[in-house]
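The next block holds one structure in the form of structure tokens; read it before the comments.
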Amino acid sequence: MTLCGVTFPVHHLPGHSLDHIVIGTPDGVCFTGDALLTENVLRHVKLPYCDHVGLDLESKEAITKLPYQHWILSHKGPFDGNIRELADKNMDLVRLRLAELAELLQRPMTRDEFYQASRRLIGMHIGTYDQLIRQERHLRPYLEQLVIDGTARLEVKNDTIYFCLNFPSLVFIVSKNTPTPLQIPRFPLPSRRSGNMSLTAPEYVPTMPPPPRRLR
């Protein structure tokens, strides 16, 4: 992009929205938009919003390859230096929330049942119809990602679609790229067993889905 003879590099990094971009300046500053959150925001956000979780994670990784040393984040403020560690902490939070939401599927659930259980887990409250629509728009990409990467599968019974976990227990590893992992609050899952979760932000390990089948 060129304005008044000055070129500003534009990088397409979809995820938060499908047409999300970040813009660089000739003097080494990058405006990241909503692609990353600062540590202060990460400590308080319940569920980072994105249109497509998989693309969002890829874009967060791609940001670490950009040649900038100064960053302006919409949420919120400036950041100087290597963006690698902050990007890893952002990705860890998304993966943690994916793992916690996946654990809700210990039994088959319809989409509405999953949304209801997720709202209770996260602490989302419905006051108006508009709030309901926004919350479901917020949760949908996470549910879709669990199916896309094989963590969950779709099954059909009596013309009703159910979401099911693909394996009985989740496996967790700590991100190897984060030298000082951010201490992210975890939601109090009633079914969580002692030792299931790392004290730092974990990553869930998906498996490939089996062939589609019907519930008996």
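Each value in this text was obtained by applying a stated rule to the coordinates, not by laboratory testing. None of the values given here were measured: they were computed from a predicted structure. All Cβ positions, glycine included, derive from the backbone under ideal geometry; neighbour counts span all protein chains shown.
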Please report, in debye to the nearest 20, how large the charge dipole of the range 12-167 is about its Cα centre when each Lys and Arg carries +1 at its beta carbon and each Asp and Glu carries -1 there.
400 debye
What the 10 Å binned alpha carbon P(r) of the range 38-111 shows, as percent of pairs per bin from 0, is 16, 47, 26, 9, 3
According to the Kirkwood expression over distinct Cα-Cα pairs, how big is the hydrodynamic radius of the range 63-158, in Å?
15.8 Å
